[in-house]
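First up is the structure itself, then whatever we jot down about it.
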Amino acid sequence: MDSFKYQIKKSADRAQFEADKLRRLQKVRGEVDQVKREVKHETVALGQKALEVARAGEVLPEALQEIVEKIYALEAGMKSLRDQIDAIRAEVWVAPAPPPPPIAATPAAPAGILSAESPRAPRTGSEPADRVSARLRFYIEEEETITQCPNCRVLVEPGTSVCANCGFRILPESSS
């Protein structure tokens, strides 16, 4: 269930990220369009000035220089905005790390299932080798008395009629 919630949250987070990215792209594109309109306006103004100066028979450089400088400044601003668009396009969504699995308390073994403390189950850990060998020999010698659930393969106490792990009915073995 936590994995399902994580997948839903991850999908929602990604959709929010993409929506925000699209909003920012549209905003910057709007600014680029505005700069283009201003460049066009200044270009028209430049043309009008040049036409006025040309009609008057005057030399243009100083009158045109002011308009040309405005156009250069607007074009530099447009380059900066285009760099922002490229940076936004290059952004990649990174999924957050999945939540850690819940820590489950280790329940006590139900009645009928051999636990680690059972005399028939070999112990783990740092026991002296001779003790481990003795426990293994005991386990092997007593193996005939250990019953295994045919459904879930959990070891159950001899004589148990129902597996405490899965509830499967265990039929006693008939000795013929």
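The values are calculated or read from the model by the stated rules, or taken from the named source; none is laboratory data. Just so you know, these numbers come straight off a predicted model, no measurement behind them. Positions of Cβ are backbone-derived with ideal geometry, glycine not excepted, and every protein chain shown enters the neighbour counts.
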* Which numbered condition Asp86 misses (of (1) at pLDDT 85 or above; (2) surrounded by 12 or more Cβ atoms within 10 Å (Cβ to Cβ); (3) assigned to a helix (DSSP H, G or I)) -> (2)
* Candidate set from the range 97-112 (those that are within 18 Å of the chain's Cα centre (by Cα) and loosely packed, with under 10 Cβ neighbours inside 10 Å); member that is modelled with the highest pLDDT -> Ala97
* Asked: Does Leu74 qualify as being of a type outside the set (Gly, Ala, Ser), in contact with an Asp or Glu (Cβ under 8 Å, 6 or more places away or on another chain), at pLDDT 85 or above and assigned to a helix (DSSP H, G or I)?
  -> yes
* Asked: Within the range 10-26, which residues are without any contact (Cβ under 8 Å) to a residue 12 or more places away in the chain and surrounded by 12 or more Cβ atoms within 10 Å (Cβ to Cβ)?
  -> Asp20
* To do: Go over the candidates Val94, Val39 one by one and state the one that is out of contact with any Pro (no Cβ under 6 Å at 6 or more places or on another chain), without any contact (Cβ under 8 Å) to a residue 60 or more places away in the chain, exposed (fewer than 11 other Cβ atoms within 10 Å of the Cβ) and of a type outside the set (S, T, N, Q).
  => Val94
